[in-house]
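The values are calculated or read from the model by the stated rules, or taken from the named source; none is laboratory data. The model shown is predicted, which means the values in this text are computed figures rather than measured ones. Cβ: placed from backbone, ideal geometry, glycine included. Neighbour counts: every protein chain shown. Side chains included, ligands, DNA and RNA excluded: accessible areas come from the protein's heavy atoms. Shrake-Rupley method; radii C 1.70, N 1.55, O 1.52, S 1.80 Å.
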Amino acid sequence: MAKTVLVINSGSSSIKYQLVDLETGEGLASGLVEKIGEPTDGHYKHEYNGEKHELEEPIHDHEQGLKRVLGFFEQYGPKLSEAGIVAVGHRVVQGGYIFPKPALVTDKTINQVKDLAVLAPLHNGPEAKGAEVMRQLLPDVPQVFVFDSSFFFQLPAEASTYALNKDIAEQYHIRRYGAHGTSHEYVGSVVPEVIGKPAEGLKQIVLHIGNGASASAQISGKPIDTSMGLTPLEGLMMGGRTGDIDPAAVFHLIRNAHMSVDELDTLFNKRSGLTGMCGHADMREVHKLVAAGDKDAKLALDVYVHRIIKYIGDFTAQMGGVDVITFTAGVGENDEIVRKMVCDRLAPFGIKLDEEKNNTRSKQPRVISTPDSSVVIAVVPTNEELAIARKSATIAAEGKDSYGNEFTR
């Protein structure tokens with residue numbers, strides 16, 4: 001019997017899930033639950049064996065949504081009782097100063113993840129709730145938290161420390177935690193094989209760019225720096241987030257626009273970035289506007305690329321060079337225009353893009369630079385679900401985690 005892990009990603013009003021085959025790395029079934037707790041009908045989508053099943057109905061909370069998801073597996077397949085499920089892995093954005101490694105889901109760790117919601121208010125609460133519900137629905141299956149910030153717990157102190165008053169920083173645990181760590185770790189581990197170079201000593205920059213966007217610098221697979229900070233707001237421009245912005249903008253808006261903390265949080269995290277500049281978070285729509293001559297969209301795209309170039313330069317200097325730059329996530333994997341814009345800006349440094357390879361759509365990891373390019377340019381589809389599944393299966397097999405928690409039925 002195959003061994004599988006059900007990977008759950010709970011958001012404030014949505015749930016994404018995938019059943020992963022540990023042997024092949026393939027997603028056997030996947031789905032989406034949308035509009036949880038919203039006044040309009042919610043939407044379910046379950047895909048298995050080439051068939052898509054959808055349902056519209058009011059979804060009051062995560063418990064209702066997850067019960068329906070388990071019903072889909074029973075009705076449409078594969079039945080979890082026959083799928084060899086060994087664990088349920090829950091993606092959590094923020095492990096903070098508590099979780100440098102994955103953790104079993106227990107009453108204690110659920111409360112700890114909830115407490116860390118102050119560092120990721122849009123994510124940790126729903127992620128804890130999803131784990132709480134699944135633990136009740138599948139009590140005989142080990143549940144594991146896998147943290148996006150864990151990979152960047154290894155950052156050197158000079159990269160993780162803000163130049164903030166030392167006592168305040170220590171009291172309130174303010175440091176750079178990073179995010180998208182599961183993706184950066186996975187992609188970084190795949191790159192050496194893709195480009196045919198040893199991992200040892202390899203200097204690489206991974207660009208995880210999509211609706212959320214971040215960059216990392218890695219040497220020998222270890223993180224040297226990353227663009228996100230205390231929260232996922234810092235760094236690159238994103239679909240709805242500002243990315244880097246002078247913190248004094250907060251003071252300015254409080255004093256002059258009389259905005260509350262919640263209003264500023266919404267402005268910076270949801271109403272800015274591409275959305276705030278040109279009305280669309282979807283880069284495909286932005287390109288359409290640019291082609292139609294929309295000046296706001298053109299500026300938004302230019303700012304987006306400018307920020308990427310800025311971090312490439314920063315990380316290259318920190319590492320004393322770079323061997324490979326890898327694009328991943330929604331925009332990175334699928335947007336040849338953004339990749340070309342970035343590489344064109346780097347052409348003075350000897351970076352050469354193979355236009356034909358860049359314009360070819362593929363779901364396979366690949367090199368898109370020319371053989372004589374000074375830096376290898378690669379595209380590697382991320383697979384956070386597989387990474388989460390593998391980590392969860394390891395914890396489940398051991399029956400305990402690094403924090404002394406043990407799984408008991």
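Once you keep just the Cα pairs under 8 angstrom separated by 6 or more residues, what percentage relative contact order results for region 4-154? Intermediate results must be reported in sequence, preceding the final value.
On the way: 300 pairs, mean separation 36.3, N = 151.
Once normalised by length, the contact order is 24 percent.
When the listed pairs Lys270/Lys363; Lys67/Lys363; Lys108/Lys270; Lys16/Lys270; Lys101/Lys270 are checked against a 26 Å cut-off, the alpha-carbon distance exceeds it for Lys270/Lys363; Lys67/Lys363; Lys108/Lys270; Lys101/Lys270.
One Cα centroid belongs to region 64-141, the other to region 372-408; the line between them spans 16 Å. Apolar share of the accessible surface for region 183-228: 51 percent from carbon plus sulfur atoms, 1.4 Å probe. Taking mean projected area of the Cα convex hull in nm² as calculated from this structure, the corresponding entry among (1) 19.8; (2) 24.7; (3) 21.6 is (3). With a Förster radius of 45 Å applied to the beta-carbon distance between Lys79 and Leu264, the computed FRET efficiency rounds to 0.40.
Pairs with C-alpha atoms separated by more than 30 Å, drawn from the list Lys129/Lys288; Lys298/Lys391; Lys45/Lys391; Lys298/Lys352; Lys35/Lys114; Lys222/Lys340, are Lys129/Lys288; Lys298/Lys391. Packing-based ranking of 258-271, 366-379 yields 366-379, 258-271, ordered from highest to lowest mean Cβ neighbour count within 10 Å.
Secondary structure note: in the chain, about 70% of the DSSP beta bridges are antiparallel. Using a 1.4 angstrom probe on heavy atoms only, work out the carbon and sulfur share of the accessible area of region 4-154 in %. Carbon and sulfur: 45 percent of the exposed surface of region 4-154. Comparing Val88, Val105, Val305 in a Gaussian network model of the chain (Cα springs below 10 Å), the most mobile by mean-square fluctuation is Val305. Here's the list of aspartates and glutamates a cross-link from Lys3 could span, going by alpha-carbon distance under 13 Å and ignoring same-chain residues fewer than 8 apart: Asp21, Glu23, Glu26, Glu82.
Residue separation of Ala257 and Lys400 scaled by 0.36 nm, minus their Cα-Cα distance, works out to 46.4 nm of gained length. Expressed as a whole percent, the accessible surface of region 285-352 that belongs to carbon and sulfur atoms is 58, based on a 1.4 Å probe. By a 1.4 Å probe calculation restricted to protein chains, Leu119 has an accessible surface near 20 Å², given to the nearest 10.
Per residue, the average separation of C-alpha pairs within less than 8 Å and at least 6 apart gives region 179-321 a relative contact order of 19 percent. For the chain, the relative contact order works out to 16 percent when only alpha carbon pairs closer than 8 Å and six or more residues apart are counted. A 1.4 Å probe run over the chain, with the rest of the protein chains in place, finds 47 Å² accessible per residue.
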